[in-house]
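Below is one structure, written out as structure tokens; the observations come after it.
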Amino acid sequence: MPTQLWRPITGSGLERCELEPTAAGYQLTGTTLLTIDNDPYEIRYSIMTDSTWAITTVGAHVSGPESDRRLALASDGAGSWSVTDEPIIELFGATDVSLSWTPAGHTAAIRRLDLAEGSFAETVAVSIGFPRHEIERRQHRYERIALRRYRFWSGDFSTDLEVDEHSLIVTYPGRWASVLSR
């Protein structure tokens with residue numbers, strides 16, 4: 001089972017992420033340990049996709065000082081999102097997910113888009129923030145610039161992402177670096 005161990009470039013923490021096939025598609029699961037303003041947090045998350053890498057569910061459990069939060073979102077993979085069967089109209093049209101505490105969400109988008117070298121695609125992602133847990137739509141763009149390198153844009157931000165043979169992030173300049181890749 002492909003596994004990445006990441007560390008944030010700034011601050012302290014560590015994350016372990018695994019990618020595994022399921023009967024319906026794929027699952028990315030991870031545990032992130034971070035400190036924010038000297039407070040320790042543990043985040044356990046899961047991103048489930050179908051066989052085409054379209055996201056079907058996103059779940060997160062955040063434990064921190066005096067807080068224990070859970071989030072579960074479902075998607076039809078074509079841009080409709082819901083929580084406990086209630087549609088979230090503000091997220092309509094989003095096909096990908098961006099979790100601010102991990103680079104794991106990029107794997108599903110990169111695999112789903114399956115870009116040829118030199119090509120690009122724009123997508124809309126459900127962005128889930130941390131530690132405030134804000135949820136919003138974000139425009140993303142991916143351009144495949146080499147076999148295992150993608151240029152990523154979100155608003156005014158851009159960077160080059162390096163991936164391994166499973167499309168798990170190896171280098172996310174300024175944010176995350178791989179400590180171990182299996």
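Values quoted throughout were computed directly from the atomic coordinates according to the rules given, and no laboratory measurement underlies them. Note that the structure is predicted; figures quoted are calculated from it, not measured. Counting neighbours? That spans all protein chains shown, and the Cβs are built from the backbone with ideal geometry, glycine included.
General remarks:
- Of the GluC sites (Glu not before Pro) found in the range 28-129, those that fall in a DSSP loop while having at most 10 other beta-carbon atoms within 10 Å are Glu66, Glu117.
- The stretch between Leu14 and Glu90 holds 24.2 nm of extra length on full extension. This uses 0.36 nm per residue minus the Cα-Cα distance.
- 12 Å reach of a label modelled at Phe157, 7 Å along Cα-to-Cβ, counting backbone N of the range 63-83: none
- Measuring spread by the Cα atoms of the chain yields a radius of gyration and Dmax of 15.4, 48 Å.
- Relative contact order [Cα under 8 Å, 6+ residues apart], the chain, whole percent: 18 percent
- 222 nm mean residue ellipticity, helices alone, for the chain (DSSP H n ≥ 4; -39,500 (n - 2.57); rounded to 500): -1500 deg cm²/dmol
- Cut-off under 5 Å, modelled amide H: who pairs with Phe130 long-range: Ser100
- Full extension of the chain between Glu165 and Leu71 gives 30.8 nm of extra length, using 0.36 nm per residue less the Cα-Cα distance.
- Taking every DSSP beta bridge that has both ends in the range 98-182, the antiparallel portion is near 95%.
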